[in-house]
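What follows is a single structure, written as structure tokens, with notes after it.
No lab work stands behind these numbers, since they all come straight from the coordinates. Bear in mind the structure is a predicted one, so any value in this text is a computation, not a measurement. So basically every Cβ, Gly included, is an ideal-geometry build from the backbone, and we count neighbours across all protein chains shown.
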Amino acid sequence: MNRKEIERRRTELARCENKTEEMRLEERELWFRGMINSCLTYGGPSQIHDGKTWGRYGRDYAKELGDERAMRVWEDQRDYFNKHAKVYYATYTDSEGCTYNSVAWE
């Protein structure tokens, strides 16, 4: 999912008054997808998962979603990102000298 798709679904879920447990898990999953996109944009996939263990940005999501579901989300989002996203490096530098990357989605 790209950023717009994630935000659209988050908005839909936010409008629901009586959320089921599955809907709550889907909300966390959407936040996780956003985190995955961010880590992949800045070249830190191992901060989510290094192939063996959860990294610091994946650990809490794995606890909340369960290891199996979190792994499914990670693999799905990573593959989608690699297929549909193009990262542009150092596209902006702020007044403090921090450099930012940007993503273009197909």
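Here are the numbers for this structure:
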read-out	value
Gain on full stretching of the segment that runs from Arg59 to Glu96 - 0.36 nm per residue minus C-alpha separation	10.3 nm
Given charges at beta-carbon only (K, R positive; D, E negative), |dipole| of region 47-106 in Debye	140 debye
Sequence-distant residues sharing a close amide H with His49 (under 5 Å, placed H)	Gly55
Under Karplus coefficients 6.51, -1.76 and 1.60, residue-wise ³J(HN,Hα) of region 10-17 in Hz, glycine/proline x	4, 5, 4, 5, 5, 6, 6, 7
Listed residue (Asn18, Ser95, Gly58) projecting farthest to the positive dipole end of the chain, Cβ model	Ser95
Length released on extending from Glu75 to Arg9, taking residue separation times 0.36 nm less the Cα-Cα span	21.8 nm
0 to 90° range, to nearest 10: angle between helix 21-41 axis and the chain longest Cα axis	10 degrees
Cα gyration tensor shape of region 1-53, rounded if a/c is under 1.5, else prolate or oblate by comparing a/b with b/c	oblate
With Cα atoms, 0 to 90° folded angle of helix 67-84 axis to the chain main axis	40 degrees
Net dipole in debye of the chain [+1 Lys, Arg Cβ; -1 Asp, Glu Cβ; about Cα centre; nearest 20]	100 debye
Whole-number percent relative contact order across the chain, with pairs defined as alpha carbons under 8 Å at least 6 apart	23 percent
